[in-house]
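Undergrad: Shown below is the structure under consideration.
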Amino acid sequence: MPPSSSNSNTVGYDLVLRLLLGVLAVVIPLAHLAWLSGNITAYLTGTNWAPYQPTKALLHPQQVWPTQGETSLLIGARIVPVLLFLALGTGAGVLWARHKNRSGGQKKITDMAKARDVEPLLAKAITDKARSLRPSLKDSKHIDAKDTGILLGNLQGTRHEVRMNYEDVAVAIMAPRSGKTTSLAIPSMLAAPGPVLLTSNKSAGDAFTTAYEARARAGTVWTMDPQQIAHAAREMWWNPLAGARTLDGANRLAGHFLSASVDASQQGDFWSKAGSNILSQLLLAAALDERPITDIMQWLAFPADRTPLDILRDHDFAAVAAQLKGTVEGPPETRDGIYETARQYASALLNAEISAWVTPQRDVPEFRPDQFVTSTDTLFLLSKDGGGGASALIAACADSVMRAATAQAERAGGRLDPPMLGILDEAANVCKISDLPDLYSHLGSRGIIPITILQSYRQGQKVWGEAGMDAMWSASTVKVIGSGIDDPDFADKLSRLIGDHDVETTSTSHSESGKSTSVSMRQERILPADAIRALPKGTALCFATGMRAAMLDLRPWYREPGAEELSAASARASRAITARAVAKHTPTQSDFGKAA
């Protein structure tokens, strides 16, 4: 027989076998349903229960129940079994489709971390770690979960809470409206056992309004709002020159003005470095003579003013004075360019509403970082995007707090207890601390827990440069990636970090001898780049040092116990902001008199 005839017979036999199996899959359950339904009908009409004979019940029901009427048999042994069969078949089909969809949607993440893979981040290990990190908890029989670490979310599909301990340092990369504030910043603030620092560029509906009242119950709330994001009253002032009485301190302060004005890629040119140097020298002189920071604007306006030179010499900074003198007496076009660059960096100090927050104020308490780090107070640092010199002051204040915390930790034996939480939300816009990547290498070991929140990886590269952002990424012991990652290179990098898994592939071939099936294994990305880009809101990836990547279900504050109280507090704070804004922009009677 020709080969084609053999293949045709094989295919025909397969079709007959499948048809027979299909008939049996319908007839057998339908027959049993007919027997069961017919007996139930007979019982309800007072007839005896028939013996087990499903085939006869389907084909010849009148022989099984001879005393039943035609209508009863039609309903009980025909219509009802068919309806039940269709209902069961439909239900089974729906359940199978749901299972298939669920399996298909989760197929790519089945090989991600299970509870055993992230055990160091779960309750028991985190509690044990807290006892070793915090001497105050060592002898406690029961430790509240909030005292053990910062909640990141639940391991997806489980009730296992995943927490970073109070030795971890974190970077969160989450797009706008992906839960970075509602699921990370706010819950962390509410549960923090020690002082909290938050930077932000917004207020209404944000961490400021939601957490303000709750943090006020924990301690004093300090708000630095030089650009009136929240229209906060000026109830504090901070002296940025307090840490600028050394050349290193003055250089750090000048660096904040530079970073706020110039991207990392442009900070190495001549004018940027020269302008930063002049700022550093003038800031040092103002700090040594205990002058307000605004005095440097007078010196920048008149380079020939010898006051800063005299101050530096009087305080034994002759070399610095010589450098300043060399710039002042250099070629006029070069000197004017350097001074103009410095004036641009510090231009925000010309704004009296901004400078009032960093100059001595009567009847207004001074914010002292060294006292803050030993308290349970809260510091809100608010600034607009691209705030220039204003964001420089925000970054400088945040930096001064972290340096004060480091000094206090050293005095306390190495660590702060309770730890200090620093949430640098919108860090790339309002808190450009130039050496933040370097600080990440030791802050966690001091009980200072920074969480830097960015909208994208490239945003961090723009501020700290490619090498700086890579350094901060590598130094972070916990990395949280939320939805909205649209950078294909970064998404592919994450996909490679998550890794591959083996996938079973079945192939079928036909030959003269019939059909053959083979099974092979191939490797496939656990979570491809397109799946990372399509992460749904409310979920996040968690990369922890030494552990497999985990998928988390985020825990927004508004779904937690006490959400109604927090919502009411947020509404009150928002109304207060609105009232302050309206009052500020409503003309008074004296204003009309002046206009007249």
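Undergrad: Among the helices (runs of 4 or more DSSP H) contained in the range 1-91, which hold 3 or more residues that are modelled with pLDDT of 75 or more and either under 30 Å from residue 509 (Cα atoms) or open to solvent by less than 60 Å² (accessible area, probe 1.4 Å) (or both)? Give the derivation first.
TA: Numbers: elements: 3-44, 54-59, 61-64, 70-74.
So the answer is 3-44.
Undergrad: Is it the case, given these coordinates, that residue 209 is closer than 16 Å to residue 540 by Cα, among the hydroxyl-bearing types (Ser, Thr, Tyr) and assigned to a helix (DSSP H, G or I)? Give the derivation first.
TA: On the way: closer than 16 Å to residue 540 by Cα: no; among the hydroxyl-bearing types (Ser, Thr, Tyr): yes; assigned to a helix (DSSP H, G or I): yes.
No, not satisfied.
Undergrad: Then there's this: Check 371, 323 and return the single one that is within 40 Å of the chain's Cα centre (by Cα) and in a helix (DSSP H, G or I). Show your work before the answer.
TA: On the way: 323 fails: within 40 Å of the chain's Cα centre (by Cα).
Every option except 371 fails the conditions.
Undergrad: Check whether at least one residue in the range 451-464 is at pLDDT below 90, in contact with a strand residue (DSSP E or B) (Cβ under 8 Å, 6 or more places away or on another chain) and surrounded by 20 or more Cβ atoms within 10 Å (Cβ to Cβ), and report yes or no.
TA: No.
Undergrad: If you don't mind, another one. What pairs can you find where one residue is in the range 239-265 and within 13 Å of residue 397 (Cβ to Cβ), the other is of a type in the set (Val, Ile, Thr), and their Cβ atoms are less than 6 Å apart, with a gap of 6+ or different chains?
TA: What qualifies is 240/293; 240/358; 241/293.
Undergrad: So, one more: Any idea which of (1) open to solvent by 10 Å² or more (accessible area, probe 1.4 Å); (2) acidic (Asp, Glu); (3) assigned to a helix (DSSP H, G or I) is the one residue 399 doesn't satisfy?
TA: (1)
Residues checked against (1) assigned to a loop (DSSP other than H, G, I, E, B); (2) at pLDDT 95 or above:
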{"site": "158", "(1), (2)": "yes, no"}
{"site": "164", "(1), (2)": "no, yes"}
{"site": "171", "(1), (2)": "no, yes"}
{"site": "175", "(1), (2)": "yes, no"}
{"site": "194", "(1), (2)": "yes, yes"}
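Undergrad: What are the residues in the range 214-244 that are open to solvent by 40 Å² or more (accessible area, probe 1.4 Å) and in contact with a Leu (Cβ under 6 Å, 6 or more places away or on another chain), if any?
TA: 222
Undergrad: Let me ask another. State which residue pairs qualify: first residue closer than 16 Å to residue 245 by Cβ and inside the range 306-325, second residue open to solvent by 20 Å² or more (accessible area, probe 1.4 Å) in any location, beta carbons under 6 Å apart, and separation of 6 or more residues or different chains.
TA: Every condition considered, the pairs that remain are 311/288; 311/289; 315/288; 321/313.
Undergrad: Name every residue in the range 286-304 that is farther than 19 Å from residue 350 by Cβ, crowded, with 16+ Cβ neighbours inside 10 Å and without any contact (Cβ under 8 Å) to a residue 40 or more places away in the chain, in order of residue number. It would help to see each step written out before you state the result.
TA: Taking the range 286-304 and keeping what is farther than 19 Å from residue 350 by Cβ, we get 287-290, 304.
Subsequent filtering for residues that are crowded, with 16+ Cβ neighbours inside 10 Å retains 287-289.
Correct list: 289 only.
Undergrad: Which number in (1) touching a Lys or Arg at 6+ places or on another chain (Cβ under 9 Å); (2) modelled with pLDDT under 95; (3) assigned to a helix (DSSP H, G or I); (4) more than 27 Å from residue 433 (Cβ to Cβ) marks the one condition that residue 311 misses?
TA: (2)
Undergrad: Checking residue 265 against (1) over 30 Å from residue 359 (Cβ atoms); (2) at pLDDT 90 or above, which single condition isn't satisfied?
TA: All conditions are met except number (2).
Undergrad: Answer yes if at least one residue in the range 255-266 is more than 23 Å from residue 335 (Cα to Cα), surrounded by fewer than 21 Cβ atoms within 10 Å (Cβ to Cβ) and touching an Asp or Glu at 6+ places or on another chain (Cβ under 8 Å), and no otherwise.
TA: Taking every residue of the range 255-266 in turn, none turns out to be more than 23 Å from residue 335 (Cα to Cα), surrounded by fewer than 21 Cβ atoms within 10 Å (Cβ to Cβ) and touching an Asp or Glu at 6+ places or on another chain (Cβ under 8 Å).
Undergrad: Somewhere in the range 214-228, is a residue charged (D, E, K, R), assigned to a loop (DSSP other than H, G, I, E, B), under 30 Å from residue 352 (Cα atoms) and without any contact (Cβ under 8 Å) to a residue 60 or more places away in the chain?
TA: Step one: of the range 214-228, the residues charged (D, E, K, R) are 215, 217, 225.
Applying the additional criterion that residues be assigned to a loop (DSSP other than H, G, I, E, B) yields 225.
From the residues that got through so far, the ones that are under 30 Å from residue 352 (Cα atoms) too are 225.
Going one step further and asking which of them are without any contact (Cβ under 8 Å) to a residue 60 or more places away in the chain, we end up with none.
Scanning the range 214-228, I find no residue that is charged (D, E, K, R), assigned to a loop (DSSP other than H, G, I, E, B), under 30 Å from residue 352 (Cα atoms) and without any contact (Cβ under 8 Å) to a residue 60 or more places away in the chain, so the answer is no.
Undergrad: Further, regarding this structure: Can you pull out the residues in the range 54-92 that are of a type outside the set (A, V, I, L, M, F, W, C) and in contact with a Phe, Trp or Tyr (Cβ under 7 Å, 6 or more places away or on another chain)?
TA: As a first pass, look at the range 54-92 and keep what is of a type outside the set (A, V, I, L, M, F, W, C): 54-56, 60-63, 66-72, 76, 78, 81, 89-91.
Selection gives 54 alone.
Undergrad: Please tell me if residue 569 is in a helix (DSSP H, G or I), without any contact (Cβ under 8 Å) to a residue 12 or more places away in the chain and either loosely packed, with under 14 Cβ neighbours inside 10 Å or out of contact with any His (no Cβ under 6 Å at 6 or more places or on another chain) (or both). Give the derivation first.
TA: Values: in a helix (DSSP H, G or I): yes; without any contact (Cβ under 8 Å) to a residue 12 or more places away in the chain: no; either loosely packed, with under 14 Cβ neighbours inside 10 Å or out of contact with any His (no Cβ under 6 Å at 6 or more places or on another chain) (or both): yes.
No, not satisfied.
Undergrad: Taking the criterion of being closer than 26 Å to residue 468 by Cβ, of a type in the set (S, T, N, Q) and under 23 Å from the mean Cα position of the chain (by Cα), would at least one residue in the range 420-436 satisfy it?
TA: As a first pass, look at the range 420-436 and keep what is closer than 26 Å to residue 468 by Cβ: 420-436.
With the extra rule that they be of a type in the set (S, T, N, Q), the set shrinks to 429, 434.
Filter again for under 23 Å from the mean Cα position of the chain (by Cα), leaving 429, 434.
Scanning the range 420-436, I find at least one residue that is closer than 26 Å to residue 468 by Cβ, of a type in the set (S, T, N, Q) and under 23 Å from the mean Cα position of the chain (by Cα), so the answer is yes.
Undergrad: Looking at this structure, is residue 187 over 22 Å from residue 399 (Cβ atoms) and either surrounded by fewer than 21 Cβ atoms within 10 Å (Cβ to Cβ) or out of contact with any helix residue (DSSP H, G or I) (no Cβ under 9 Å at 6 or more places or on another chain) (or both)?
TA: Details: over 22 Å from residue 399 (Cβ atoms): yes; either surrounded by fewer than 21 Cβ atoms within 10 Å (Cβ to Cβ) or out of contact with any helix residue (DSSP H, G or I) (no Cβ under 9 Å at 6 or more places or on another chain) (or both): no.
Considered against the rule, which asks whether it is over 22 Å from residue 399 (Cβ atoms) and either surrounded by fewer than 21 Cβ atoms within 10 Å (Cβ to Cβ) or out of contact with any helix residue (DSSP H, G or I) (no Cβ under 9 Å at 6 or more places or on another chain) (or both), residue 187 comes out as no.
Undergrad: Quick check on my filter: what residues within the range 166-183 are open to solvent by less than 10 Å² (accessible area, probe 1.4 Å), farther than 21 Å from residue 442 by Cβ and among the aliphatic types (A, V, I, L, M)?
TA: 173, 174, listed by residue number.
Undergrad: Ok, one more. Quick one: how many residues across the range 109-144 are open to solvent by 30 Å² or more (accessible area, probe 1.4 Å), in a helix (DSSP H, G or I), more than 30 Å from residue 527 (Cβ to Cβ) and not hydroxyl-bearing (Ser, Thr, Tyr)?
TA: 3
Undergrad: Output the residues belonging to the range 202-213 that are surrounded by fewer than 22 Cβ atoms within 10 Å (Cβ to Cβ) and modelled with pLDDT under 90.
TA: The answer is 202, 204, 205.
Undergrad: Hey, another quick one. Considering only the range 518-526, I want to know if a residue exists there that is open to solvent by 60 Å² or more (accessible area, probe 1.4 Å), under 15 Å from residue 173 (Cβ atoms) and either part of a strand (DSSP E or B) or polar (S, T, N, Q) (or both).
TA: Looking for residues that are open to solvent by 60 Å² or more (accessible area, probe 1.4 Å), under 15 Å from residue 173 (Cβ atoms) and either part of a strand (DSSP E or B) or polar (S, T, N, Q) (or both), one finds none in the range 518-526, hence no.
Undergrad: Something else about it: Considering 391, 355, which residue is in contact with a Lys or Arg (Cβ under 8 Å, 6 or more places away or on another chain), in a helix (DSSP H, G or I) and surrounded by 16 or more Cβ atoms within 10 Å (Cβ to Cβ)?
TA: Numbers: 355 fails: in contact with a Lys or Arg (Cβ under 8 Å, 6 or more places away or on another chain).
Answer to the selection: 391.
The values are calculated or read from the model by the stated rules, or taken from the named source; none is laboratory data. Here the structure is a predicted model, which means the values were calculated and not measured. When we count neighbours, we look across all protein chains shown, and the Cβ atoms used for this are built from the backbone with ideal geometry, even at glycine. Note: areas computed on protein heavy atoms with side chains; ligands, DNA, RNA excluded. Shrake-Rupley method; radii C 1.70, N 1.55, O 1.52, S 1.80 Å.
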